Amino acid sequence: MEMRELRYFVTVAEELHFGRAAERLGIAQPALSRALAGLERRLGVVLLERSSRRVRLTDAGAVLLTEARAILAAAEAAERRTREAAERRPRIALAVKAGTAGELLAEVLDAYAAHPGACAVDLLLCEAHEQRELLCSGRADVALLHLPFDAVTGLDTEALLTEGQVVVLPGDHALAGRTAVSQAEVTAAPGPPPARW
């Protein structure tokens with residue numbers, strides 16, 4: 001498979017419309033259709049079900065969409081890191097959720113800066129659950145994640161801090177006033193407003 005074909009496929013899979021995908025890619029629609037038909041032929045699978053009314057991903061197409069996004073993100077990351085290496089100014093991009101981990105972040109940055117040869121650190125402030133996407137796309141090199149809320153499957157991780165959890169409840173909630181509750185009890189507790197961990 002060629003990178004060009006993967007870009008074409010991802011664009012069609014996102015648009016589910018050949019005309020819009022061709023326009024987004026800046027190519028003619030017949031050329032796009034031929035390229036994807038050739039990809040399907042070489043793979044020996046149908047990736048997209050086409051009709052006069054709609055385009056739909058097959059199960060095989062859904063798998064390739066996930067894989068192709070990962071491949072394209074890895075290629076983009078490789079390009080970025082190669083350019084950074086050529087600049088001879090290595091930098092590390094650190095993704096953190098805006099407004100969190102202030103004290104921990106300061107400690108991590110201070111400890112890192114104390115190491116000889118430490119690179120400059122660029123902070124990438126992001127919304128909750130965006131850190132993984134930034135890591136996988138190569139736009140971030142490292143991230144501060146929060147377990148169990150952020151998915152870390154497939155990532156190299158190191159625990160920096162362990163905190164207890166608290167639950168915030170209204171004063172008249174059935175679980176209010178207890179010194180300990182389980183997550184299952186909080187999840188199963190009836191009545192608004194919902195409890196928040």
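The values are calculated or read from the model by the stated rules, or taken from the named source; none is laboratory data. Because the structure is predicted, anything quoted here is derived from the model rather than measured. Because the Cβ atoms are built from the backbone with ideal geometry, glycine has one as well, and the counts that use them run over all protein chains shown. Heads up: the accessible areas ignore ligands, DNA and RNA and are worked out on the full protein's heavy atoms, side chains in. Shrake-Rupley method; radii C 1.70, N 1.55, O 1.52, S 1.80 Å.
Exactly one residue out of Cys126, Cys119 is under 13 Å from the mean Cα position of the chain (by Cα) and not aliphatic (A, V, I, L, M), and it is Cys126.
Test Ala118 against the criterion of being within 24 Å of Gly164 (Cβ to Cβ) and open to solvent by less than 70 Å² (accessible area, probe 1.4 Å), and give yes or no. Before the answer, list the steps.
On the way: within 24 Å of Gly164 (Cβ to Cβ): no; open to solvent by less than 70 Å² (accessible area, probe 1.4 Å): yes.
Answer is no for this residue.
When residues in region 131-145 are screened for being open to solvent by 70 Å² or more (accessible area, probe 1.4 Å) and assigned to a loop (DSSP other than H, G, I, E, B), 1 of them pass.
Scanning region 141-150 for residues that are more than 19 Å from Ala77 (Cβ to Cβ) and without any contact (Cβ under 8 Å) to a residue 40 or more places away in the chain returns Leu147, Pro148, Phe149, Asp150.
The residue of region 130-177 that is farthest from the chain's Cα centre (by Cα), among those that are under 22 Å from Glu103 (Cα atoms) and of a type in the set (Asp, Glu), is Glu163.
Summed over region 1-49, residues that are open to solvent by 60 Å² or more (accessible area, probe 1.4 Å), in contact (Cβ under 8 Å) with a residue 12 or more places away in the chain and over 20 Å from Leu72 (Cα atoms) total 2.
The residues on offer are Ala106, Ala143, Ala111, and the sole one that is within 30 Å of Arg69 (Cα to Cα) and modelled with pLDDT of 80 or more is Ala143. For the condition out of contact with any strand residue (DSSP E or B) (no Cβ under 7 Å at 6 or more places or on another chain) and surrounded by 13 or more Cβ atoms within 10 Å (Cβ to Cβ), Arg69 qualifies.
Within region 50-66, if we keep just the residues that are outside any helix (DSSP H, G or I) and in contact (Cβ under 8 Å) with a residue 40 or more places away in the chain, the residue that is surrounded by the fewest Cβ atoms within 10 Å (Cβ to Cβ) turns out to be Arg56.
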